[in-house]
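J.: After the structure tokens below, expect a handful of questions from me.
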Amino acid sequence: MKISELSRRTGVPVASIKYFRRQGLLPAGRATAATLAEYGEEHAERLRLIKALTTLGGLSIAATRDVLGAVDQAHSSEGALGAISYALPVPVAAQPAAGPEEEAEAEASAGAEVAELLAALEWQAPGTSPHVKGLTSALKELRRLDARYAPGELAAYARLAESVARLDLERAAGLDDPVALAERAVIVLAICAPVFELLRRLAQEDQVRRRVAAAGAAVAVAVADAAASAPAAVDAGHEDLPPGRGASV
């Protein structure tokens, strides 16, 4: 296909395609004339991955080049997924300024909590993982705010995350091509993660509404019970009055 057709199929402007070629992100096409070249399906797949990395993943051209190199060197689907996972930005809690000693103590405490969690779950993640560092930073911030997880709570959340991770990888099952797999990984990590977070918030909204409704129903029952027992209480108060005499109004 010509470059115009490649642009139409991928949604990438011709100028951007030429720019990606100059930056070494996209291989050159097969030359058919001095100024013409033919492109194949592999170029379309590569462009879709570049577009996913730069737009969905928010990576710079330099970072995208590194990821593409890692994907090209990957000998397995796990290697391609690992390259993408490590390359995409890791959410890290904002850290306030703190004294060196206080910061070191907080870092060590949060790091020990993460290490203990990983050991308990038997998760295979080295200490150099950006995700380990990101989780350590987040737990450190929670400690500063005195909002740390109670014993067992973090592990419960981790087990849920483990189930989600399995579903994520099942969606990529059957994709043997590293480029196609990398593109799917970017979509899962950059787009499906916000979808999961929105599902979580919707579930929270549902739970709040259910609890409010249940609390309102309990109040209504209590009021109805009180109203039903009120006449009996009044009658019981009149039992000791002489015949012909009732309560005055």
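J.: Distance in nm between label sites at Ala215 and Gln73, each 7 Å beyond Cα in the beta-carbon direction?
T.: Taking the two extended label points, one gets 5.6 nm.
J.: Counting Lys and Arg as +1 and Asp and Glu as -1, what is the net charge of the other residues whose Cβ lies under 13 Å from the Cβ of Arg9? Can you show the working numbers first?
T.: Details: positive: Lys2, Arg8, Arg46, Arg48, Lys51; negative: Glu5, Glu41, Glu42, Glu45.
Charge balance in the 13 Å sphere: +1.
J.: Collect residues whose amide H, placed 1.01 Å from N in the peptide plane, falls under 5 Å from the amide H of Glu38; neighbours closer than 5 in sequence don't count.
T.: Correct list: Arg30, Ala31, Thr32.
J.: Right, another one. In nanometres, what is the gap between the two model label sites at Arg201 and Glu105, each 7 Å from Cα along Cα-to-Cβ?
T.: With each label point 7 Å from Cα toward Cβ, the separation is 3.7 nm.
J.: Still on this structure, I have one more. Excluding residues fewer than 8 places away in the same chain, name every one of the aspartates and glutamates whose C-alpha is closer than 13 Å to that of Lys2.
T.: Glu38, Glu41
J.: If you average the C-alpha positions of the stretch 95-159 and of the stretch 1-32 separately, how far apart do those two centres end up, in angstrom?
T.: Result: 44 Å between the Cα centres.
J.: Same structure, new question: Skipping prolines and chain starts, which residues have an amide H placed within reach, meaning under 5 Å, of the one on Leu26, given they are 5 or more residues away or on another chain?
T.: Close amide H contacts, sequence-distant or interchain: Arg21.
J.: Amide H neighbours of Leu59 under 5 Å, counting only residues 5+ apart in sequence or on other chains, H built in-plane at 1.01 Å?
T.: Here Thr54 satisfy the definition.
J.: What aspartates and glutamates does Lys140 reach when the alpha-carbon gap must be under 12 Å and sequence neighbours fewer than 8 apart in one chain are set aside?
T.: Here the aspartates and glutamates satisfying the reach criterion relative to Lys140 are Glu102, Glu103, Glu105, Glu107, Glu113.
Every number here is computed from the coordinates shown, using simple stated rules; none is lab data. Remember, predicted model here, so these are calculated numbers, not experimental data. Counting neighbours? That spans all protein chains shown, and the Cβs are built from the backbone with ideal geometry, glycine included.
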